[in-house]
Structures are given as C-alpha cells and as structure tokens.
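The numbers here are math on the coordinates, done by the rules we state, and not lab data. Predicted model only: the values in this text are computed from it and were never measured. Quick reminder, even Gly has a Cβ in these numbers, built from the backbone with ideal geometry, and neighbours come from all protein chains shown.
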C-alpha cells in the first residue's frame, strides 16, 4: 500500500486523508503512549505535516510537555475518544498518526522501537528493527 491512504475514528465522526508516503512507522513504549494505547506501545506513522488533511469532523486536543521540554498535543475524537494523531512541537514538520486509525494498516512494518526503557516487562518487543532507550534523537 502506498499513499494516499485514509482513516478515521471508531464512530466515524472524524475522517482524514494522507497524501504522502509515511516517513516512518514506529512503536513507542513511553508512558504517555501506554496511557493512550491502553498498555502496549503506540503504533504510530510519521507523515509530513502538509500531507494530512482532516476531511470530516474535528478533533479535541490534550497538550502535555514532552521529554524535549516542548509540547505534544494529542488529538482524539471528542465523540468516541479514539486517539487520532499527535502534533509534536519539537518536530513541527510532521504529524504522528495512530496506525490503528488507518482504514488498512496491514501493510505497515515497524522500522524502529522507541522508549524501550519505559516498556513494561510483559510488553511485546518487535524483533529485527532498531531499539532505542529513549527517542531516536
């Protein structure tokens, strides 16, 4: 599968399209992502900022300071609560899209695992890809 691709929330109130190839597909074990995912790592697709377009509905955001000292705003459907994407102030040229919101995420293959130092002892760790204790920076 290649661009464009689309996705949305569980209830269908929010829909989006991405017009460019993903920059990366990562599994993030940071504690914030564990909260958002319900325990396991967040599966995230990094896309260029100008490639993501919300085509239906609106998201709500929750902003928190990240490890870099800059903010991360996590956007979710205000109706069903589905985590949709994140706006990372430290990387203003990208959106971080939750892979589970894609209409067909089956073609994704993890390229990196980050924040392994925060992973729970019972968490599954993808094999055969680089692992980083914190972020890749």
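Between residue 71 and residue 6, what is the label-to-label distance in nm when each label sits 7 Å out along the Cα-to-Cβ direction?
The modelled label-to-label distance comes out at 3.1 nm.
Would you mind getting me the FRET efficiency between residue 54 and residue 117? Use the beta-carbon distance for r and R0 = 35 Å, nearest 0.05.
Values: r = 34 Å, r/R0 = 0.96.
Plugging the Cβ-Cβ distance into 1/(1 + (r/R0)^6) gives 0.55.
By how many nm would the segment from residue 104 to residue 134 lengthen if fully extended, with 0.36 nm per residue of separation less the alpha-carbon distance? The partial results should precede the final answer.
Details: separation 30, 0.36 × 30 = 10.80 nm, distance 2.86 nm.
Separation in residues times 0.36 nm, less the Cα-Cα distance, equals 7.9 nm.
Only Cα pairs under 8 Å and at least 6 apart count here; give the relative contact order of the chain as a rounded whole percent.
Working: 298 pairs, mean separation 35.5, N = 137.
For the chain, the relative contact order is 26 percent.
How are the Cα pair distances of the range 23-64 distributed, in percent, across 5 Å bins from 0?
6, 18, 16, 26, 23, 10, 0
Is the range 1-113 rounded, prolate or oblate when judged by the Cα gyration tensor, a ≥ b ≥ c being the square roots of its eigenvalues, rounded requiring a/c under 1.5 and prolate requiring a/b larger than b/c? Can you show the working numbers first?
Working: a/c = 1.31, a/b = 1.13, b/c = 1.16.
Rounded shape, in that the Cα axes give a/c under 1.5.
So what is the 222 nm mean residue ellipticity for the chain from helices alone, if each DSSP H run of at least 4 adds -39500 (n - 2.57) and you divide by all residues, rounding to the nearest 500 deg cm²/dmol?
Details: 1 runs with 7 residues, N = 137.
Mean residue ellipticity, 222 nm, calculated: -1500 deg cm²/dmol.
Any chance you could check the Cα centroid distance between the range 104-137 and the range 62-87 for me, in angstrom?
Using only Cα atoms, the two centres lie 20 Å from each other.
Could you work out the pair-distance distribution P(r) of the range 97-137 from its alpha-carbon pairs, with 5 angstrom bin width and percents rounded to whole numbers?
6, 20, 23, 24, 20, 8, 0
What percent do you get for the relative contact order of the range 67-109 when only Cα pairs under 8 Å and 6+ apart count?
On the way: 48 pairs, mean separation 11.9, N = 43.
It rounds to 28 percent for the range 67-109.
Place the peptides 113-124, 32-43 in order of packing, highest mean first, counting for every residue the other Cβ atoms within 10 Å and averaging per peptide. Walk me through the intermediate numbers first.
Working: 113-124: 15.3, 32-43: 18.1.
Ranking, from highest mean packing down: 32-43, 113-124.
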